[in-house]
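Below: the structure, in structure tokens.
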Amino acid sequence: MTTVKIRKVGNSLGVILPKETIERLYLKENDLLQIVEEPEGVRLMAYDPEFSEWAEAFRNTNSKFRNVLRELAK
């Protein structure tokens, strides 16, 4: 586990990722990260626009056709 400090960056707050973490995750400048809120805290994940598009479509379909999907699953 790595501990980092929240710092002031301009008018915002930010977290500086350690070099070892950046190298291990193959991150580079201008990569996008997604913040996922969980009961235990937050998780940073690499942002994949294609997957995010798919996940949003699934959420919409799942909520619209919840009852139909439940019946089909029987």
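A few comments on the model shown:
- Counting only Cβ charges, +1 for Lys and Arg and -1 for Asp and Glu, the dipole size of the chain around its Cα centre is about 260 debye.
- Angle of helix 49-64 to the longest C-alpha principal axis of the chain, folded into 0 to 90 degrees and rounded to 10: 40°.
- Stretch gain in nm, segment residue 71-residue 57, where the contour uses 0.36 nm per residue and the Cα spacing is subtracted: 3.0 nm
- Taking chymotrypsin sites (Phe, Trp or Tyr not before Pro) across the chain, the ones in a DSSP loop with at most 14 further Cβ atoms lying within 10 angstrom of their Cβ are 26, 47, 65.
- Restricting region 1-65 to trypsin sites (Lys or Arg not before Pro) in coil, as DSSP defines it, with at most 15 other Cβ within 10 Å: 5, 28
- Based on Cα contacts under 8 Å between residues 6+ apart, the chain shows a relative contact order of 13 percent.
- Positive-end extreme of charge dipole, region 6-72 - chosen from 35, 10, 55 (charges on Cβ): 10
- Model label points for residue 28 and residue 45, set 7 angstrom from Cα along the Cα-to-Cβ axis, are 2.3 nm apart.
- Radius, Kirkwood style, for region 6-72 when every pair of distinct Cα atoms is counted (Å): 15.2 Å
- Pairs of Lys in the chain closer than 30 Å at Cα, counting only those 8 or more apart or on different chains: 6
- Least to most buried among 42, 4 (fewest other Cβ within 10 Å first): 42, 4
- The GluC sites (Glu not before Pro) of the chain that DSSP puts in a loop, and whose beta carbon has at most 11 other beta carbons within 10 Å, are 29, 40.
Where a number appears in this text, it was derived from the coordinates with a stated rule and is not lab data. What you see is a predicted model, and the numbers here were worked out from it, not measured in a lab. No Cβ is skipped: glycine too gets one built from the backbone with ideal geometry, and neighbour counts run over all protein chains shown.
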